[in-house]
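**Q** Let me give you the structure first, and then I'll get to my questions.
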Amino acid sequence: MNRRALRKAKNGVFLALSLIATMTGLACLAAILWTLLSHGLAGMSWHLFTAMTPPPGGQGGLLNALYGSAVMTLLGILIGSPIGVLAGTYLAEYGRKSRLSTAIRFINDVLLSAPSIIIGLFIYEIVVVRMGHFSAIAGALSLAVLAIPVTLRTTEDMLNLVPIGMKDSSAALGAYPWRTTISVLYPAARSGIVTGLLLAIARISGETAPLLFTALNNQFWSTNLNAPMANLPVVIFQFALSPYKDWQDLAWAGALIITVSILVLSISARVLLALLQSGRGSGR
Amino acid sequence: MAIINPRHAAKQLIYERVFRSATLSAAILVLLILGGVAVSLMRGAWPALKGFGFSFVTREIWNPVTDQFGALAPIYGTVVTSAIAMLLAVPAGFGIALFLTELCPPLLKRPIGVAVELLAAVPSIIFGIWGLFVLAPVLQRHVQPWLIAHLGVVPGIGHLFKGPPFGIGVLTAGVVLAIMVLPFIAATMRDVFDTVPPMLKESGYGLGATTWEVMWNVVVPHSRVGIVGGVMLGLGRALGETMAVTFVIGNAHRISSSLLAPGTTISSAIANEFTEAVGDLYTSSLIALGLLLFLITFTVIAAAQAMLRRLERRGGAAL
Amino acid sequence: MIPSIKPPKHLKMRVPQTSAAETSLQSGPPKIEIRGLNFYYGDMRSLHDINMTLADRSITAFIGPSGCGKSTLLRVLNRMYALYPNQRAEGEVLIGGRDILGPTVDVAELRYRVGMVFQKPTPFPMSVFDNVAFGLRLAGGVRGADLKIRVESALRDAAIWDEVKDKLHADGRSLSGGQQQRLCVARAIAVQPDVLLLDEPTAALDPISTLRVEETLQALREKYCIVVVTHNLQQAARVSNVTGFMFMGELVEIGPSNQIFTSPQDRRTDDYITGRFG
């Protein structure tokens, strides 16, 4: 019986450790959110949304950075997601089993986890160096490259989830694949594809490294896509590392804004996916 | 009898060709992007590689003034911070996955699972500033002095914990990286454990095994490939992580025997110095660092993906 | 339900002459006693007031239509239901004289003493030898030469020794379906349990493997108290010496197999056996 007691004790120890691990993980999440809230809220004010990023030690806001992030994220999605959706469509509809598709899927998965700073270097080489200067369009392009793998993966997965009967029925009426895809499959997989878009936006809106040497930063208001443009992550990077308290407060406020937006986007994506699945389950 | 308008039919065919080419081009673009990344990195790195040769990878020196550069310090920092991160995150992630699949009361499963995934969505720059302003001071004031006093005197590993408690440094960067990678590893392991057929687990319980015994002897061997794949994917992310590390690594191009000393990683070196690099050799050396990072992460991630694909294919044929 | 008309005797199912029920083999003393057992999934009661006694050294088969509760009953006997929330059992279940539903019962020990073989073969991801040795190693105390002897004897009793003796170190999953199931039987009996439970053990097997497993069970009957749940009426008749018919969570009738299959007392049993529903 001693052996049995030993086994039970061992079981208890490991289960307790797993509980501790979970609590530690949750505690970290809580600590980070708490810090964000307390420091970020302290730096919040209406100025954030009305004033530009200030010179060192000055008062100001984040308007140009917010605008720049919004513009570049939007452009990045506008450029990247159609490519991702089309490529995902190819993999799901035309190239189910071919060697090319296998290779593309593999490469896509690699790009999905690749370091974003490398993408930044890539765009630097082919856009910034060619153009001779940093620019918002270069930043948007680097974000687009990051958005492609996410949208490709979700599009392919979602299209594959559509019941094969639907595809067959459409083909049996004489429709070409393009017609089936556009008129039947896309509407059927609509929420899934939108979820993919939301996830891509959440992913790229927080990226700093690729913007460091493509869009750079801009202290002033600028709407010129051909010039460096302010953006939230790089501003946070610069201000947080500085010794100026005003700048650090702005950095925390910016961090809070980014985190809240991304969490809202992630939660919306999740809710959308749940609605999609419950709709499916009710046998529509 | 069905009447078909020939002009309409011809148009349909044209649309089909256009659509198919569009999707194919988009798909090939993905391949081109990867190829483009590789080629452009090699071109940018060429001056440095030509100038320093293979010794680029083995030298520690990093001097912009004399234009002498070596990748050893960043490589060392990248490897060590990732190793620390994995050492901390893999057991913790395993524990969380174990908790979620076996212990967690059903009501809490959803919320905790969601919390883990939300933690994964937080951008890395947040971890960076949190590490700098919150974690580093805590480590500096409480943890590091303890480590120096108690572990710094142990023969064999003592040299790892010597030196003044800066707060920032290789160890701190490793810890921040661990927290960043933890949700990814926990979620991946949980997904892998969820695919184990309940009947298999019940067979273990049916023989009188405890929860831990079923986990360790049945679930883990069954999902071995998935676990390794998931861990390697996490490692790939840790190796390439920039913002979480840059804030707390200290940016010293030095290899020190102590974990408490500042250092640098490939990605933080690039992030910190790229925009201020003057001179072609300096810039090219930084791009060469990027090329090294690309090669390392590509290998790790590709191997991980290959393993996970094998798991997906076997999953259909298994029980 | 269709009002039943008793079919002529010659249409009733024949119990084979050489069935275990006909050969006079002694059963042992009572091993399992169930008193007033009720089982609930959440608020839904799926077992109603079950009372029965099962003897040692005999094979009891439970038959009945899908959803009648026979698998649920089986899973009460080793408290497998306790792995899932919202499932609970009330009443008394005595195995070897001790109430296994009591609060002080060590569930892991119970499951060690009450073995179970499942519907689908579930070899563990390890070698044939390690599969069979798994339970023995858990309990400890059996090592080295002793372990080898126990493993071999279990594989012999499960009628699979000759087929695996040259590949004891091959992965358990590399065996055929029928062999895998006999491996699972070997694994369950290696620890010499007091009771052996089998939940539709041949449902996923081809006829030849089914036959092998049934032969194994009949041989095991001399040592163990065996409870089998099956959909296959002929199998129940072939293999068991006591049969219980369950319907909608109730134990309708239980008795010697040849009596159940030739002249059941309850109309519902008769209807099921003659195929009027099922």
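**Q** Under the classification rounded if a/c is under 1.5, otherwise prolate if a/b is larger than b/c and oblate if not, where does chain B fall, given a ≥ b ≥ c as square roots of the Cα gyration tensor eigenvalues?
**A** Note, shape of chain B comes out oblate.
**Q** Once every DSSP H run of n ≥ 4 in chain A is given -39500 (n - 2.57) and the sum is divided by its residues, what mean residue ellipticity at 222 nm do you get, rounded to the nearest 500 deg cm²/dmol? Don't skip to the answer; put the middle values down first.
**A** On the way: 11 runs with 196 residues, N = 284.
Rounded to the nearest 500, the figure is -23500 deg cm²/dmol.
**Q** According to the square roots a ≥ b ≥ c of the eigenvalues of the Cα gyration tensor, what is the shape class of segment A:1-133, taking rounded for a/c under 1.5, prolate for a/b larger than b/c otherwise, and oblate for the remainder? Please list the in-between numbers first.
**A** Details: a/c = 3.04, a/b = 1.22, b/c = 2.50.
Oblate is the answer for segment A:1-133, as a/c is 1.5 or above yet b/c matches or exceeds a/b.
**Q** Collect residues whose amide H, placed 1.01 Å from N in the peptide plane, falls under 5 Å from the amide H of residue C:62; neighbours closer than 5 in sequence don't count.
**A** Under 5 Å from the amide H of residue C:62 lie the amide H atoms of C:228, C:229, C:230, C:244, each far enough along the sequence or on another chain.
**Q** I would also like to ask the following. For residue A:61, which sequence-distant residues (separation of 5 or more, or a different chain) have an amide H within less than 5 Å of its own amide H, given hydrogens modelled in the peptide plane?
**A** Those lying under 5 Å, H to H, from residue A:61 are A:51, A:52, A:53.
**Q** Let me ask something else about it. So how far, in whole Å, is the C-alpha centre of segment C:221-278 from the one of segment A:72-96?
**A** Result: 61 Å between the Cα centres.
**Q** Can you give the calculated 222 nm mean residue ellipticity of chain C, where each DSSP H run of n ≥ 4 adds -39,500 (n - 2.57) and the sum is split over every residue, rounded to the nearest 500 deg cm²/dmol?
**A** Working: 10 runs with 93 residues, N = 278.
Estimated from H runs of four or more residues: -9500 deg cm²/dmol.
**Q** Another question about this same structure. What is the distance in Å between the Cα centres of segment B:1-58 and segment A:172-238?
**A** Value for the Cα centre distance between the two parts: 19 Å.
**Q** Where the centre of each part is set by its Cα atoms, how far does segment B:226-276 sit from segment B:106-171, in angstrom?
**A** Centre-to-centre distance over Cα atoms comes out at 14 Å.
**Q** Here is a follow-up. With only Lys, Arg, Asp and Glu charged, each at its Cβ (+1 for the first two, -1 for the last two), find how big the charge dipole of segment B:221-319 is about the Cα centre; round to the nearest 20 debye.
**A** On the way: 7 positive and 5 negative charges, 147 e Å.
Computed about the Cα centre, the dipole is about 700 debye.
**Q** Farthest toward the dipole's positive end in segment C:190-278, which of C:246, C:226, C:264, given Cβ charges of +1 (Lys, Arg) and -1 (Asp, Glu) about the Cα centre?
**A** C:264
**Q** So what's the back-of-envelope 222 nm ellipticity for chain B, counting only DSSP H runs of four-plus at -39500 (n - 2.57) apiece and dividing by all residues, rounded to 500?
**A** My calculation for chain B gives -22000 deg cm²/dmol from helical runs alone.
**Q** Pop out the ³J(HN,Hα) list for segment B:74-83 in order, Karplus 6.51 cos²θ - 1.76 cosθ + 1.60 with θ = phi - 60°, rounded to Hz; leave Gly and Pro as x.
**A** Calculated HN-Hα couplings, in order: x, 4, 4, x, 4, 5, 5, 4, 5, 4 Hz.
**Q** Turning to a different aspect of this structure: Select from A:130, A:105, A:270 the residue whose mean-square fluctuation is largest in a Gaussian network model of chain A (Cα-Cα springs shorter than 10 Å).
**A** A:130
**Q** Please identify, among B:106, B:145, B:74, the residue showing maximal mean-square fluctuation in a Gaussian network model of chain B using a 10 angstrom Cα cutoff.
**A** Per the Cα network of chain B with a 10 Å cutoff, B:106 tops the list.
**Q** Near residue A:212, within a Cβ-to-Cβ distance under 12 Å, what is the net charge of the other residues, with Lys and Arg +1 and Asp and Glu -1?
**A** On the way: positive: none; negative: A:207, B:273, B:276.
Around residue A:212, the charge tally is -3.
**Q** Among A:128, A:214, C:103, whose Cα lies farthest out toward the positive end of the dipole of the protein assembly as shown, if unit charges sit on the beta carbon of Lys, Arg (+1) and Asp, Glu (-1)?
**A** Result: C:103, furthest along the dipole toward the positive end.
**Q** Report Rg(Cα)/(2.2 N^0.38 Å) for segment C:142-226, keeping two decimals.
**A** Working: Rg = 12.5 Å, N = 85, 2.2 N^0.38 = 11.9 Å.
The value comes to 1.05.
**Q** Using Cβ counts within 10 Å as a stand-in for footprinting exposure, how do B:116, A:271 rank, fewest first? Display every interim value, and only then the final one.
**A** Numbers: B:116 24, A:271 12.
Going from least to most buried by this count: A:271, B:116.
**Q** I'd like the Karplus ³J(HN,Hα) series for segment B:213-225: coefficients 6.51, -1.76, 1.60, θ = phi - 60°, whole numbers in Hz, and an x wherever there's a Gly or Pro.
**A** 5, 5, 4, 6, 9, 10, 5, 5, x, 5, 9, 3, 5
**Q** Turning to a different aspect of this structure: With +1 on each Lys and Arg Cβ and -1 on each Asp and Glu Cβ, how big is the dipole of the protein assembly as shown about its Cα centre, in debye rounded to the nearest 20? Kindly include the intermediate steps, with their values, before the conclusion.
**A** Numbers: 72 positive and 53 negative charges, 274 e Å.
Around 1320 debye, computed over the protein assembly as shown.
**Q** If you don't mind, another one. Springs between alpha-carbon atoms under 10 Å, Gaussian network over chain A: tell me which of A:203, A:190, A:153 tops the mean-square fluctuations.
**A** Top of the fluctuation ranking is A:190.
**Q** Let me ask you something else. Mind scanning A:8/B:201; B:201/C:165; B:201/C:120; A:8/C:223; C:31/C:70 and naming the pairs with a C-alpha gap bigger than 21 Å? Walk me through the intermediate numbers first.
**A** Details: A:8/B:201 18 Å; B:201/C:165 27 Å; B:201/C:120 13 Å; A:8/C:223 30 Å; C:31/C:70 19 Å.
Going by Cα-Cα distance, B:201/C:165; A:8/C:223 fall outside the 21 Å limit.
**Q** Follow-up question, since we're still on this one. Given axes a ≥ b ≥ c from the Cα gyration tensor, I'd like to know whether the protein assembly as shown is rounded (a/c under 1.5), prolate (a/b larger than b/c) or oblate. Kindly include the intermediate steps, with their values, before the conclusion.
**A** Values: a/c = 2.47, a/b = 1.79, b/c = 1.38.
The shape class here is prolate.
**Q** Could I ask something else about it? Quick one: 3J(HN,Hα) in Hz for segment C:102-118, Karplus 6.51/-1.76/1.60 with θ = phi - 60°, rounded, Gly and Pro as x.
**A** Listing the rounded values in order: x, x, 8, 6, 7, 5, 5, 5, 4, 5, 5, 7, 10, x, 9, 10, 9 Hz.
**Q** Sequence-distant or interchain residues sharing an amide H contact under 5 Å with residue B:68, placed H: which?
**A** B:63
**Q** While we're on this one: Provide a whole-number value for the mean count of partner chain Cβ atoms within 10 Å of the Cβ atoms in peptide A:254-267. Intermediate values should be presented prior to the final figure.
**A** On the way: counts 2, 7, 1, 0, 4, 6, 0, 0, 5, 3, 0, 1, 6, 4.
Taking the mean over all residues of the peptide, I get 3.
**Q** Based only on other Cβ atoms within 10 Å, what is the fewest-to-most ordering of B:259, A:48, C:83? All intermediate terms of the calculation are to be shown ahead of the outcome.
**A** Working: B:259 24, A:48 19, C:83 16.
By the 10 Å Cβ count, ascending, the order reads C:83, A:48, B:259.
**Q** Just want the ordering: C:161, B:46, A:46, from fewest to most Cβ atoms lying within 10 Å of their own Cβ. The partial results should precede the final answer.
**A** On the way: C:161 17, B:46 14, A:46 8.
So the ranking, lowest neighbour count to highest, is A:46, B:46, C:161.
**Q** To the nearest 20 debye, what is the magnitude of the charge dipole of chain C about its Cα centre, counting +1 on the Cβ of each Lys and Arg and -1 on the Cβ of each Asp and Glu?
**A** Values: 33 positive and 30 negative charges, 51 e Å.
So the dipole magnitude of chain C works out to roughly 240 debye.
Rule-based calculations on the coordinates, nothing more; no lab input. Worth saying up front: this structure is predicted, and the values here are computed from it rather than measured. Reconstructed Cβ throughout: ideal geometry from the backbone, glycine too, with neighbour counts over all protein chains shown.
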